[in-house]
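Encoded as C-alpha cells, the structure appears first; notes follow it.
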Amino acid sequence: MSTVQPRAPLARFFVGLWDGMNFIRRLVLNLLFFGLLFLFALIVLLALVGRGSKPAPLLERSTLVIAPEGALVEQYRSDPFMRALAESSGSGVGEVQLRDLLRALDAAKDDKRIERVLLRTDRLTFSGYASMREVAEAIAAVRAAGKQVVAFGEYFGQQQYLLAAQADEVYLDPEGGMLLEGLSGYRQYYREALADKLQVDMHLFKVGEYKSAAEPFILDAASPEAKEADLYWMNDIWQRHIADIAAVRGLDPATINADIAALPAGIAAARGDLAQYALDRKLVDGLKTREEVEALLTERGVADEDADGGFRQISMREFLAHVDPKTGPADRRDTVAVVVAEGGITGGQQPPGTIGGESTSALLREAREDKHVKSVVLRVDSGGGEVFASEQIRREVDALKAAGKPVVVSMGDVAASGGYWISMNADRIYADASTITGSIGIFALVPTFPRTLEKFGIRTDGVGTTRFAGAFDLSRELDPEVGQVIQSVIDRGYQNFIGKVGDARGRSAEQIDGVARGRVWSGTQALERGLVDELGGLQASIAKAAELAGLEPDGRWRVRYVEKAATPFGRFLTSFVGGRAGSALLGDSAFAHGVLARVAPRAEQDLRLLEGVMTPTPGKPAKAIAYCFCEL
C-alpha cells in the first residue's frame, strides 16, 4: 500500500501560488467576458429603442454654427465607430473632412432657413494653406450670398485667422490673442546623434542638389540649396496669405508686413495685451467674450432658451443630415468619381489616411469598372513615398484614360515627389496657388550598423558564394562598389521620373530636368513652369471632370467618393452611437474619454521614413524613395 508523501513547504508555497494565480486569471477572464456580453446586449437594446431617432429640426431663421475641432483632412483616418463615440462623449471628433466643411458652407448660402453663420475656427488644426484658402473662398461665398457671417475665437493662429477674416464681423476674447508672424521650416538634424553617438553610418544616394528630404540623417544643418529653395516657395505662399487677409480686411499688405517687423514695439505699446494689439491693427472688429457674442446673436436672431447659447441654431453635423441626398445602389445616374490619395505612399494594402500601392489602385480600378462612372477626380494630398507604389497608382490613372474615362487631379495642400508621380498622367492637373508641389526626384537612404554593434562586442563575419553575396547586409560596412550599384539604380530612377513627366506634359526630359532636381514649388510657381495646368480647388476640378466627360453643367449627374466601405457591424455601431440613445449612454463615459485620448494619429515622419527605408525589398539593393518633407 502506497502512501502519498506530503509536499515540502517550499513546494506547497509555489503550488498554492500557481493555483491562486490560475483562479485570478479565470476570474478576470470571466468577468471580462460577461462584461462585454452585457455591454453588447445593452447596445443592441438601446439601438432598437433609438432606431427611430431623427436629426434635429432645421427651423426658419436658424444660425448655422460652424465650429470644427481637430485636423482638417481629405479622408477620415479613424474608423466611423470611434468618431461617433468621440462626438457622443463630447471629446470632439479629432478630424474634420474638408469635403463636409465645403458642402455645409455651399448649402448654407442657398438655404433660406439659414439666416447667418457663427464661425469658430480657433479649434481647427492647421493642415495646409491650400485647403485653408479653399474653405476661405467658401465662407466668402456665403457672405456674398447675403448671409451674415460672425466669427469668434479665444485665440487665432495665423492660419485659422484667414478663415475668421472672411466674416462680416470678427470678435476676439478680451483675454485671447492673435499674431501674424510669418512662415518657417525648421527641422531636427540627426547626423551627430546617429553617426557620433550611436555610430550608425548613413549612406545617401540621390539625384538633384535640391532633393533635401534625407538631409537630416546625414547633416547637422540644412544645406544652402535647401534653404534657397525653401525660402523661395515659402515667400510666395506667405505674401499670398498676407494679401488674402489684407484684401478682405481692407488693409495694406505692406502695413501688415511692417507691423510684423516691428512686433516687439507694437506689443509693448499695447502693454502686452495681444487682443488689444489685434484690435489696434484692425485685424478684429471687437473684443467680446463668448457670452457677449451669444447675447448678440440672440438679439439678432431668434431666442431659444433650450439651445446652447440661448439662440436658435443648428450644428454643422445636424445641418448636413438635412443636406445630404439619400442615394444608394439603385442610383444609376452618370457619376464623377472622387478618389482620395492622402498621406504617405507605401506598398500593399493601406488604411484610409495612407496611400497604398494596391489599395489606392483598387479604388481607381473600381471607378474604371463602374459603368456609371464617366470621369474621375484624383484628390492628392501627399508628400510622396515609395517609387514602386507610386508607379502602381500612375498605371491605374493611365488605365482609366485608356478606358475613355477622363482623369483630373486636384492637388491639395501638398502633391510633391511621389505625390506628383501619381498626378502627372492626368488629363488635367489643378492646384491651389499655395499648393506645395514639384520635388521631382528620388533618393535611397541606406543605414549600416557595424560600428553600433561593435560597441556591444558584436561583430559580423562569414562567407558568401560570390563577392557581392551578403553585400547589402546592414550589419556590415557598405562596400564602395555596392554604393556604385545603388547610385546607378537611383540615377536610372531619376531619368525614368523626368522622362515620364516629360511624356505626360509634352516636354523633353531635359526641359523637365531644368525644373526638377528635387526642387519644390508653390502652385503658382508650378503653373509658370508647366507642371500644373490650372489654379483651382476641388470644386473646379470636379466641374472640369464633368466637362471632359461631356456631362451637362445642369444635368442629372452626381459626385461619388470611391472609398473602402465600412463593415455592416461597423455601420450598425456607428448608427447606434450617433443616435440620441447612444449619446445618452456614452456622454459621461470616463472609459470612452480615456480611449479617445489615444485615437488621434501622430505624424512622426522622420522615424517612419527611416523605418521604411530599412525594410528590404526582394530583388532591390535599396528602396527608391520619392518623398518630400515640405509640409508647413
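Values quoted throughout were computed directly from the atomic coordinates according to the rules given, and no laboratory measurement underlies them. Everything numeric here is computed off the predicted structure, so don't read it as measured data. Positions of Cβ are backbone-derived with ideal geometry, glycine not excepted, and every protein chain shown enters the neighbour counts.
Once the Cα-Cα distance is subtracted from the 0.36 nm per residue extended length, the D473 to E369 segment shows a gain of 33.1 nm. Under the simplified labelling scheme, the T255-R459 pair shows an inter-label distance of 7.4 nm, with each label point 7 Å from Cα along Cα→Cβ.
Past 20 Å, Cα to Cα: identify those pairs from K374/K401; K206/K455; K109/K544, in the order given. Don't skip to the end; give the middle numbers.
Details: K374/K401 11 Å; K206/K455 30 Å; K109/K544 23 Å.
In this structure, K206/K455; K109/K544 lie more than 20 Å apart at Cα.
Equivalent ellipsoid of the range 170-283: semi-axes from √(5λ) of the C-alpha gyration tensor, largest first, are 40, 18, 11 Å. Taking the average, over residues, of other Cβ atoms within 10 Å as the packing measure, peptides 182-188, 284-290 rank 284-290, 182-188 from highest down.
Taking the Cβ-Cβ separation of Q199 and K227 as r and a Förster radius of 30 Å, what is the calculated FRET efficiency to the nearest 0.05? The formula returns an efficiency of 0.55 here. Descending by average beta-carbon neighbour count within 10 Å, the peptides 196-209, 294-307 line up as 196-209, 294-307, the highest first. Cα centroids of the range 509-549 and the range 259-322: how far apart, whole angstrom? If we compute the Cα centre of each part, the gap is 38 Å. Sorted on the mean count of surrounding Cβ atoms within 10 Å across their residues, most packed first, peptides 170-181, 476-487, 497-508, 553-564 read 170-181, 497-508, 476-487, 553-564.
If R₀ is 41 angstrom, what is the calculated FRET efficiency for the pair E60 and K564, using the beta carbon separation as r and rounding to 0.05?
Values: r = 40 Å, r/R0 = 0.96.
The calculated FRET efficiency here is 0.55.
Using the Cβ of G470 as centre and a radius below 13 Å, the other residues enclosed give a net charge of -2, where K and R count +1 and D and E count -1.
Evaluating 6.51 cos²θ - 1.76 cosθ + 1.60 at θ = phi - 60° for every residue in the range 356-373, the Karplus couplings come out as x, x, 8, 5, 5, 4, 5, 5, 5, 5, 4, 5, 5, 8, 7, 5, 7, 7 Hz, glycine and proline recorded as x. Note on A540 and A362: their simple-model spin labels are 3.5 nm apart, each label 7 Å out from Cα toward Cβ.
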